[in-house]
Amino acid sequence: MRFEDTTIDYLAGRQFSEGLAFPIASRSDRVPDRLTLLSRMCAGKKVIHVGCVDHLEVLDSKIQRGIWLHKRLTDVSKRCLGVDINAAGIERLRELGHDDVICADLTQEAPAAITGDDWDVMVLGEILEHVDDPTTFLRSLRGHLRGHVETIVVTVPSAFSLQNMWYALQGKECINSDHRYWFSPYTLAKIMMLAGLTPIDFHLCKSAPPDSEAGVRGRLRSIVRDSIVRVSPGLDVNLVMTARL
């Protein structure tokens, strides 16, 4: 869904409402899963993938199941430079044959590997929820990378996911223990605006293709979940948002 000018006015603070009804999804706006969507966004483009390692604890499993994002982006892009602050993780990727990767903190400086070229897309896949101060983080990225990168794509877990609603009905929260935040489409866009970025559009989608689910029970859960989300697309699990630097 694209951001209308009226919504941008609210995000920028030019307008105010105590009860803004902001549309987040429609049945006609359904998109593929996050991995497929990001692959389409990056196909044939020059890409910087921030957080390319993922969690080392699950890296091998994701590679085996074909759901490791960096491999997906590398396969379809013109070039995909992987960036991560995890030195051990970057070394592991090189051992696996991925040489176009660097260990760097882009909030501190833009390395020559980036400034020496122009880039179409920078992907932050499931990064922002792990950051202590997401506004300062995005503002720092913009300060160092503006002029070198055209657009940024941020993906985060959606606060409104069906899984969250299900656990809340049981009086529980199911969460990655390293996460700091849940995001909604409006609050993520608000953070982007505060950081100096200009939101373009967003989508809610499932995390991975149905055939990536492990085991029969996993696939059955996926079928049930998809049937519910097809009726109520605002309950999808992942939020993908694009913005201009």
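Shape class of the chain from the Cα gyration tensor (axes a ≥ b ≥ c, square roots of the eigenvalues): oblate, since a/c reaches 1.5 or more and a/b does not exceed b/c. Within straight-line reach of residue 46, meaning a Cα separation under 19 Å, sit the following aspartates and glutamates at least 8 residues removed in sequence or on another chain: 75, 84, 99, 100, 117, 118, 120, 150. The fewest-to-most ranking of 229, 58, 101 by surrounding Cβ atoms within 10 Å reads 58, 229, 101.
Dipole size of the stretch 27-244 about its Cα centre, with +1 on Lys/Arg Cβ and -1 on Asp/Glu Cβ: approximately 820 debye, rounded to the nearest 20.
The chymotrypsin sites (Phe, Trp or Tyr not before Pro) of the stretch 1-107 that meet both conditions, a loop assignment by DSSP and at most 10 other Cβ atoms within 10 Å of the site Cβ, are 16. Projecting the Cα atoms of 224, 61, 36 onto the charge dipole of the chain (Cβ charges, centred on the Cα centre) puts 224 farthest toward the positive pole. Farthest toward the positive end of the dipole of the chain, out of 154, 134, 97, is the Cα of 154, where the dipole comes from beta carbon charges about the Cα centre.
In terms of distances greater than 27 angstrom between alpha carbons, the cross-link table entries 71/172; 45/206; 172/206 yield 71/172. Counting only DSSP beta bridges whose two residues both lie in the chain, roughly 45 percent are antiparallel. When the chain is treated as a Gaussian network with alpha carbon springs shorter than 10 Å, the biggest mean-square fluctuation among 20, 197, 141 belongs to 20. The distance separating the Cα centre of the stretch 52-96 from that of the stretch 11-34 comes to 32 Å. With contacts taken as Cα pairs under 8 Å at a separation of at least 6 residues, the stretch 87-245 carries a relative contact order of 28 percent. Quick note on the stretch 129-191: its Rg to Rh ratio, both from C-alpha atoms and Rh being the Kirkwood radius, is 1.07.
Charges were assigned to the Cβ only: +1 to each Lys and Arg, -1 to each Asp and Glu. The resulting dipole of the stretch 143-245 about its Cα centre is roughly 140 debye.
In order along the stretch 158-171, phi translates into HN-Hα couplings of 7, 5, 9, 4, 4, 4, 5, 5, 5, 5, 4, 5, 9, x Hz, rounded to whole numbers, per the Karplus curve 6.51 cos²θ - 1.76 cosθ + 1.60 with θ = phi - 60° and x for Gly and Pro.
Any read-out appearing in this document is the output of simple, stated calculations on the displayed coordinates, not a laboratory observation. Keep in mind that this is a model prediction, so the values were computed, not measured. We place every Cβ from the backbone using ideal geometry, glycine too, and count neighbours over all the protein chains shown.
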